[in-house]
Number of protein chains: 4
Amino acid sequence: MSEKKIKVAIVGASGYSGKELLRLLLMHENVDLVCATSRQSAGQKLTEVFPRFRGGKADDLLFVQPDTDSIVASGAECAFLALPHGVAVEYAQDLVEKGLRVIDLSADFRLEDVDVYLEYYDKQHPSPDLMKEAVYGLPEVYADEIKAARLVASPGCYPTSIILPLIPLLKEGLLDTSSIVVASMSGASGAGKKADTSLLFVEINESIRAYGAPKHRHLSEIEQELTHAAGAEVQISFVPHLMPVTAGINSTIFSSLNEGVSGEDVNKVLLGAYQGAAFVRVLGEGVFPDSKNVVGTNFIDIGWVIDARTGRLILFSAEDNLGKGASSQALQSFNLMFDLPENAGLLHF
Amino acid sequence: MSEKKIKVAIVGASGYSGKELLRLLLMHENVDLVCATSRQSAGQKLTEVFPRFRGGKADDLLFVQPDTDSIVASGAECAFLALPHGVAVEYAQDLVEKGLRVIDLSADFRLEDVDVYLEYYDKQHPSPDLMKEAVYGLPEVYADEIKAARLVASPGCYPTSIILPLIPLLKEGLLDTSSIVVASMSGASGAGKKADTSLLFVEINESIRAYGAPKHRHLSEIEQELTHAAGAEVQISFVPHLMPVTAGINSTIFSSLNEGVSGEDVNKVLLGAYQGAAFVRVLGEGVFPDSKNVVGTNFIDIGWVIDARTGRLILFSAEDNLGKGASSQALQSFNLMFDLPENAGLLHF
Amino acid sequence: MSEKKIKVAIVGASGYSGKELLRLLLMHENVDLVCATSRQSAGQKLTEVFPRFRGGKADDLLFVQPDTDSIVASGAECAFLALPHGVAVEYAQDLVEKGLRVIDLSADFRLEDVDVYLEYYDKQHPSPDLMKEAVYGLPEVYADEIKAARLVASPGCYPTSIILPLIPLLKEGLLDTSSIVVASMSGASGAGKKADTSLLFVEINESIRAYGAPKHRHLSEIEQELTHAAGAEVQISFVPHLMPVTAGINSTIFSSLNEGVSGEDVNKVLLGAYQGAAFVRVLGEGVFPDSKNVVGTNFIDIGWVIDARTGRLILFSAEDNLGKGASSQALQSFNLMFDLPENAGLLHF
Amino acid sequence: MSEKKIKVAIVGASGYSGKELLRLLLMHENVDLVCATSRQSAGQKLTEVFPRFRGGKADDLLFVQPDTDSIVASGAECAFLALPHGVAVEYAQDLVEKGLRVIDLSADFRLEDVDVYLEYYDKQHPSPDLMKEAVYGLPEVYADEIKAARLVASPGCYPTSIILPLIPLLKEGLLDTSSIVVASMSGASGAGKKADTSLLFVEINESIRAYGAPKHRHLSEIEQELTHAAGAEVQISFVPHLMPVTAGINSTIFSSLNEGVSGEDVNKVLLGAYQGAAFVRVLGEGVFPDSKNVVGTNFIDIGWVIDARTGRLILFSAEDNLGKGASSQALQSFNLMFDLPENAGLLHF
């Protein structure tokens, strides 16, 4: 492993994706974590807030207030933003102007179309130019753009689990794009670390429930990327479900196959698509991915079956909502941006 | 409550649905449990095998060997069969001939068509005449037939959760029957009490996974009943998922609406359909049922949303896989067969 | 079952023990629930707040504001208080004066000694006379007093699990009272329904941790009752632990046996002590109780082993922290107070 | 990190501690895993049995039959035995004779006294000489012996969690050694990957239960090591409990302080004892360790409180039963044996 060290700041590190990002940055050999901000924990030691990290590089770090001058003063070359939607945009603008490269884990820069943003987020986007410049941080699709980007908008958890299985098939025109419906199941960390009684252990334990349908915000970025892949507008139905697990997302995706498309065609496209992709594990036909095999990693596992009776393809994916669905995927973009091996600091099992 | 007491036997009481049935029978004021069989626990006290039941009517009961002569000798008027598929059929034939009324929780008598049975269960049905006679034990649809039946084939867990929300809509012709896809999520008790390492706590905890697609055995009875309701052949795609909860099933059902059908039509049909049904709780549009609200009960909760962008209806149901999906539903049939109030012994919350 | 109906109010029904109490009262044939208060849910239907209770007697009930005039106006003969510590005392005083009999689930009236109250609750008790009058609601010990009481102070969850196994042995002088140490393990509902991030699913799932040692507030009532039984002051060490289960408490109690006490003596005393007790299930020597066998019930299960090598007795108990540890135990007192069978409305399994 | 590579074999890799060991060995930069045996999975790819490990160094490995000639032929310098008790002894003898250094995760070589072995394991030890030679693999106590050892007997999960907090205090004579009692709580992976219905998800989920008291096999090695530290025989009472978590062990240890010992003495000894220890995190007085902060790591966290009212010290520890309680601790010994940094391959968070 090269001795190269990149100075990195993390802004907003007290939530669940911030914590997972901290975990990964602290273990990454090419990262020098110079700044971690947290409004509520400023002044506290990192290891006080996160006792899990005692006994390593975190021992000497303090949380600081999230002002951009301090971040710049820390010498950071790159800032990860693990902030709520709507808050990230302010930091991103300022930090990019001050010369840092920024990887934003929020939804603030994921969309291309200001009208779609308005429709799904109920307000005008405050930085439409930067929004246009931002690169959607899906390394399997936009590696070249990510390498050169000043601002990467790292994808959402549900979107990653839905887009990656579908893209190769849409590109090859195998699917009836009007027939796609998705049921996704997510662990409770996806709901964030909020003092909300509906997220208490007693409420989520021994409970299964859908929510957010029919128009979850993530639909906007899912359809944007599926439309790019298909070369024509794609609209889908999407239902997320909350599961009593800490982490993990599974998506089960139904689509009718186009006339004349065989199961063999599907297998060929899917097996071929991700041969060189370090973090997409194509399990093959008839294999069902299990979230417990990807939690804590940057992998997404993909399997599928052909439902010959109805002419449908059913795709299955599993990822860690905090991993490939958030923090480790952001780190994968970081590796590309700073010319490190794509899997640097990410080969955990 | 009437003082009437029905003598009841339960055959095969050591699995999870057998245990839930025991629990309900022991609390039912009109039931006199005279016989409980278990091959592996014969000779043992019920409360030794199930310490949960100590301190009540179970205290004096012993498990006996499952031979039909002993069952008849116990004076039982009704026998519940909580046996594996393929085993129940032998007992059912014999007990019916000996004059008992039988409620079978297995899949042995749920189908009407011997060819479909052969296709899904890989063997000729051994009692085709009895199969023809058996009544599908869904009280919301076949109450009259159940009242008169000698043999009730109590529905499966997934089928109940899928059939009940769809039937009223199919009857009224609101749905595009070729467009139905279902993602179901079940607790681990649905897999039975088998000494199988894939069912260990460590394997299921913190895990989400699909299985059994594209041709799960329950498809056969689901499509049989949907076809009856629609008056035309219905084929669906169905994917069950295994969840880290003890009990509970949620089904999320996607279907395109027929041309010209409005959300209002859907609401009217669904709200009207189950007005008099004691155990179907229609939550209404925009309400997502939660499995934890039905576990331990005989209720099924149903909600839905209209996905106007894609012209789809998305239905949500939640039930206890061991309750409305198995044992309490069997007891609901029992109440009908023996002229008891439909909710006798079933109003637990 | 008798046709007798007691009019009952429940004050503060939106927490976890309030909800469990509601569940039990709604199923109790001799209870007519005439009033349920909740400051935060006043005006809402019970079934809106607790969808689990739809389809039964709850359907017609609304939550009302908790003022004592309304409670009196409802005609209630008995009020259950499921309020936070420190709040219950105000209602109790007023309601007792207005002629209702009161069962308080909080800690406000459990202690006898105002100095101990001051020491453990950091303030003067506001109603020392009523505190003196209140009966400690442990039916296995104070049945006669409970029958006649105007105000019952229903015991805490940890105390019940610790006191019941120890009392018979202390009464008979079998234990070295200076040697008692207890490790208890409780489900998360014991921490209440608070909007506190430390109680989120993600924080409690896959986590085991002690808390509250060495001087948990429950120590005060535990030692009060153990001292009564022993006839001499008893001090113990007590450590509660938080477990990733919704409900259930297990206590593991270590004590040295007094000189000359044999295992046989222990067995005789323990097996004899609770022969007539409807809800104490003495499992015997060498049997380990399992919380899942008591959750949802009013039972406490007790087992033990003799550690001959060290001269210690080790007792094990399991109960539902919301059941025998709170709400169903309160209902057991209610049955006594209103001359109903002790197990009325409590024989659920 | 040095480029040094040690060739390593793992014998019996299909259980839970074997799997965790595989995980760690596959990520260890100084390990070249040349052989992995599994009787039941011989001939299968590692990644077929453990899909979690796909996409890394495991991709090219096959499980082989566990015969010692093949292990030797693989060129392995060191063999880890993750075999059942009683099976490991055969392999250890043979492999040591053939010149490999062996780290045994079973209990076969942990005891020094053949009579104690007979008492606790109900048979004569088959290799008493090798038993004598074996070093107890607790690096915090026996680092020098481990460095030179041919055979390391890696400690059990419960013993590690109990011995490490107590040793410094016993060495300094602060505790009344006759007063020690321990309640431990373990995750379900500690029970192994056995096809046993009592270990099914449904049986362990929402369940808390004690087991194995009063004479669990681990007592023998716990008392052996405590006796060494105290310089006089120590006997304790020990109760393990089974918890519904995948991994993690917490131990809560009660002991009377000797006459004249102050809380300050305790703090000084405990804070001082592990200053240089890489994997013992001394949290301090009044801090309760949480198992979720150590799962997946090689850390043990230790906190304590002084119960002044009763003169007791109460110690709390948390570790991963598969980590510091088994596999990562074995790897810590490996690092010492092969002159690698003690934390090589172990700084995961």
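Figures for the structure shown
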{"quantity": "For the range D:205-271 versus the range D:27-70, the gap between their alpha-carbon centres in whole angstrom", "calculated": "36"}
{"quantity": "Crossing angle, helix C:327-337 versus chain C [Cα axis fit, 0-90 degrees, rounded to tens]", "calculated": "80"}
{"quantity": "Length added when fully stretched, B:Asp196-B:Glu342, from 0.36 nm per residue minus Cα-Cα", "calculated": "48.8 nm"}
{"quantity": "The range D:157-319: proportion of alpha-carbon pairs further apart than 29 angstrom, %", "calculated": "18"}
{"quantity": "For chain D, built as a Gaussian network whose Cα springs stay under 10 Å, the top-fluctuating residue of D:Gly303, D:Gly15, D:Gly231", "calculated": "D:Gly231"}
{"quantity": "Chain A, closest residue to the rotation axis toward B, by beta-carbon, whole angstrom", "calculated": "A:Ala183, 2"}
{"quantity": "5 angstrom amide H check on C:Ser179, placed H, neighbours 5+ away", "calculated": "C:Ser256"}
{"quantity": "CD proxy at 222 nm, helix term only [per DSSP H run n ≥ 4: -39500 (n - 2.57); per residue of chain D; nearest 500]", "calculated": "-9000 deg cm²/dmol"}
{"quantity": "The range D:157-319: relative contact order in percent, alpha carbon pairs under 8 Å with at least 6 residues between", "calculated": "29"}
{"quantity": "Label point 7 Å beyond Cα along the C-beta direction, distances from D:Lys45 to other copies (nm, shortest first)", "calculated": "4.6, 5.5, 5.6"}
{"quantity": "For residues of A:294-300, the mean tally of beta carbons on other chains within 10 Å", "calculated": "3"}
{"quantity": "Centre separation in Å (Cα based) which lies between the range C:272-296 and the range D:98-133", "calculated": "40"}
{"quantity": "Three-way shape call for the range A:189-258 based on the alpha-carbon gyration tensor, with the a/c threshold at 1.5", "calculated": "prolate"}
{"quantity": "Within a Gaussian network of chain C (alpha carbon springs, distance under 10 Å), most fluctuating of C:Ile306, C:Ile167, C:Ile204", "calculated": "C:Ile204"}
{"quantity": "Rg in Å to one decimal, and Dmax rounded to a whole Å, for the range A:216-293 via C-alpha atoms", "calculated": "14.8, 42"}
{"quantity": "Whole-Hz couplings from phi, Karplus 6.51/-1.76/1.60, listed for the range B:188-199; x for Gly and Pro", "calculated": "5, 5, x, 7, x, 9, 10, 6, 9, 4, 6, 9"}
{"quantity": "Cut-off under 5 Å, modelled amide H: who pairs with A:Asp307 long-range", "calculated": "A:Arg312, A:Leu313, A:Ile314"}
{"quantity": "Chain B, relative contact order in percent, only Cα pairs under 8 angstrom and at least six apart counted", "calculated": "17"}
{"quantity": "Amide N of the range B:323-349 lying under 16 Å from the label point, which is placed 7 angstrom from the Cα of B:Lys147 along Cα→Cβ", "calculated": "B:332-344"}
{"quantity": "Distance (nanometres) between label positions extended 7 Å along Cα→Cβ at A:Val87 and B:Glu97", "calculated": "7.4"}
{"quantity": "Per-residue ³J(HN,Hα) for the range B:58-75, Karplus 6.51 cos²θ - 1.76 cosθ + 1.60, θ = phi - 60°, Hz, x for Gly and Pro", "calculated": "6, 4, 9, 9, 10, 6, 10, 5, x, 9, 5, 4, 4, 5, 4, 4, 5, x"}
{"quantity": "Other-copy label distances relative to C:Lys215, 7 angstrom Cα-Cβ extension, nm", "calculated": "4.2, 5.8, 7.1"}
{"quantity": "Per residue convex hull volume, Cα atoms of the protein assembly as shown, in Å³", "calculated": "178"}
{"quantity": "Binned Cα-Cα distance frequencies in chain B - 20 Å width, integer %", "calculated": "31, 59, 10, 0"}
{"quantity": "Nitroxide proxy distance, nm - points 7 Å out along Cα→Cβ at A:Lys5 and A:Arg39", "calculated": "3.2"}
{"quantity": "Shielding by partners, peptide B:270-282 (average Cβ within 10 angstrom, other chains)", "calculated": "1"}
{"quantity": "Under 5 Å, built H, 5+ apart or other chain: amide partners of A:Ala79", "calculated": "A:Ala9, A:Arg101, A:Val102, A:Ile103"}
{"quantity": "Relative contact order of the range B:35-83, pairs being alpha-carbon contacts under 8 Å that are 6 or more residues apart, as %", "calculated": "43"}
{"quantity": "Extended-chain gain in nm, criterion 0.36 nm per residue less alpha-carbon gap, C:Glu77 and C:Asp129", "calculated": "16.5 nm"}
{"quantity": "For D:Asp60, label point 7 Å along C-beta direction: distances to other copies, nm", "calculated": "3.8, 7.3, 7.8"}
{"quantity": "Pairwise FRET efficiency - A:Val287 versus D:Asp265, Cβ, R0 = 45 Å, nearest 0.05", "calculated": "0.15"}
{"quantity": "Shielding by partners - mean other protein chain Cβ count within 10 Å, residues of A:184-193", "calculated": "4"}
{"quantity": "Which of C:His241, D:His125 has the fewest Cβ neighbours within 10 Å, and the rest in rising order", "calculated": "D:His125, C:His241"}
{"quantity": "Given chain C, longest segment not containing exposed loop GluC sites (Glu not before Pro) (DSSP; at most 12 other Cβ within 10 Å)", "calculated": "C:4-232"}
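Readers should treat all values here as calculations from the given coordinates under stated rules, not as data from a laboratory. All values derive from a computational prediction rather than experimental measurement. Please note: Cβ atoms are built from the backbone with ideal geometry, for glycine as well, and neighbour counts cover all protein chains shown.
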